[in-house]
Amino acid sequence: MKHEEGQLEGPVRLITGDGFVAFLNPWLALFRERHPRVRVEQSTDTRLLDLARQEANLGVRTVRPKGNSLVARKAGQLAWRLYASARYLERAVPLRSPGDLAQHQVVGFDAALSRMPQLRWLEEWEAGRFAFRSNAAVAVAGAVAAHQGVAALPCALASLHPELRPVLPEVELPLEDVWRTGATLAVG
C-alpha cells in the first residue's frame, strides 16, 4: 500500500451504508488529492462485510462490529428527525403530534432494519402502515422528496433534499452512533 517514496498507493475497499455516500464523497475527493495513487473502491451494502477476511479494508457503519482483529472507533452521532415534502404537507391533514401519524402515509426502512431505535419509535406511533419501504436510505429520502409521505431520516441526509421540511420539530428521535472500523493496522 506504500510506494517507495512514502506515498500511499493501491486499492482501498470501503464499505458503508448508502446514506453515507453523499457525506463521504467530499472527504474521499480530498483524500484522493493528497494520495492520487490510491484507488478507492466503495461498496454500499446493508450487510456487515467481514473486514477481518479482507472483504473490505475500512468501514463506516452505524453498527459497531465485533472481532478481535478489528479496530472500531466512534466517529460521531447522527441526529434524526421526521421529514415530509412541502407539497405532501400542503395536501395532508395537519400533523400536530405523533398520534397524528396514523392519518398519514409513512415512508420507512424495511423490516430488516427494524432494530434501529428511530424506526421502532416510528412504528410505535404508526402501527406498521407504510406507503413505501426500502433497505436503502437514499431510496427512503427520495420517496419522501417525491411527496410519498412522512419518514424518520438522518438530518444530514435530509439536508441534501431542499424540498424536505422537518415535521414535529419538538420530537427528538434517538441519536445513532457512527463507527469507523478497519483491520488493526489499517485504522489510525
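Shape class for the range 85-127: prolate, because the ratio a/c of the largest to smallest gyration tensor axis (alpha-carbon atoms, square roots of eigenvalues) is 1.5 or more and a/b beats b/c.
Starting from the residue with the highest accessible area, list PHE130, PHE23 in decreasing order, probe 1.4 Å. List each step's numbers first, then the result.
Details: PHE130 45, PHE23 75 Å².
Largest accessible area first, the residues go PHE23, PHE130.
The values are calculated or read from the model by the stated rules, or taken from the named source; none is laboratory data. It should be emphasised that the depicted structure is a prediction, and the values quoted were computed from it without experimental measurement. Just so you know, the surface numbers come from the protein's heavy atoms only, side chains and all, with ligands and any DNA or RNA stripped out. Shrake-Rupley method; radii C 1.70, N 1.55, O 1.52, S 1.80 Å.
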